[in-house]
1. Using Cα-only point scatterers and the Debye equation, what is log10 of I(q)/I(0) for the range 100-175 at each q in 0.13, 0.18 Å⁻¹, rounded to two decimals?
2. Tell me, what is the 1.4 Å probe accessible area of residue 155, in Å² to the nearest 10?
3. Which percent of the accessible area of the chain is formed by carbon and sulfur heavy atoms (probe 1.4 angstrom)?
4. For the range 53-61, in order, what is each residue's ³J(HN,Hα) by Karplus, 6.51 cos²θ - 1.76 cosθ + 1.60 with θ = phi - 60°, in whole Hz (x at glycine and Pro)?
5. For every helix of n ≥ 4 consecutive DSSP H residues, a contribution of -39,500 (n - 2.57) applies; sum these over the chain, divide by its total residues, and give [θ] at 222 nm rounded to the nearest 500 deg cm²/dmol.
6. Output ³J(HN,Hα) for the range 84-95: one whole-Hz value per residue in order, computed from phi by the Karplus curve 6.51 cos²θ - 1.76 cosθ + 1.60 with θ = phi - 60°, and x for Gly and Pro.
7. Given H placed on each backbone N at 1.01 Å, which residues far from residue 28 in sequence or on other chains put an amide H within less than 5 Å of it?
8. Where the centroid of each part is defined by its Cα atoms, how far is the range 104-126 from the range 154-187 in Å?
Amino acid sequence: MSKAFTKESDGDDDDDLSPPPLPAGTKNYITPQGYQRLRAELLHLIDTERPKIVEIVHWAASNGDRSENGDYLYGKKRLREIDRRIRFLTKRLDIAEVADPSLHHGNDQVFFGATVTYENQAGVERTITIKGIDEVDNLQGEVSWISPIGRALLKSRVGDEVQLMTPGGLERLEILEVHYPAPETAH
């Protein structure tokens, strides 16, 4: 049988995948909670998930014919996915700049980590939290600080009107409220 039809990709070609780009000359800001969440995921993959899959692949490989061995084929694929995620998380954590939003507690100016309530021209209120690119959850009302809305709101204050360029044209937003988490007290 020809090896050409049985050789798997070793996955090295996806080393070229780069993290989502940051604007030139900027840092990869992240909240302390976001940094801890990414670090916990990385440690879980390295300490728990990867060794478990390596064990499964080792066991499946010892069963003989690998070409039709589902445990082996799936395990190798999952191992490549885990290794890709480990590389991604390692790169992102290496360049992360932890910024604690609680340092701005009580401030009415919008900085990284602020929860901002604004009103658009139609009178619709919306509340968003400005976070790092690696930690945003759109379903939780979080936006990246490099997103158009994040950039438009940064450095504005309560009562300011900012302009946001949208696909539908220029939109004016009025800043109604700015909130930061309270600093954690030492126990």
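1. Values returned for q = 0.13, 0.18 Å⁻¹ are -0.35, -0.69.
2. About 150 Å², rounded to the nearest 10.
3. In the chain, the share of accessible area belonging to carbon and sulfur is 52 percent.
4. Values per residue, Gly and Pro as x: 5, 4, 5, 5, 5, 4, 4, 5, 5 Hz.
5. So the helix-based figure for the chain works out to -10000 deg cm²/dmol.
6. 5, 5, 4, 4, 4, 4, 4, 4, 5, 5, 5, 9
7. Here 97 satisfy the definition.
8. 3
The values are calculated or read from the model by the stated rules, or taken from the named source; none is laboratory data. Being a predicted model, the structure only gives us computed values, none of them experimental. Every residue, glycine as well, gets a Cβ built from its backbone with ideal geometry; the counts of neighbours run over all protein chains shown. When the accessible area is computed, the model is the full protein with side chains, heavy atoms only, and any ligands, DNA or RNA have been set aside. Shrake-Rupley method; radii C 1.70, N 1.55, O 1.52, S 1.80 Å.
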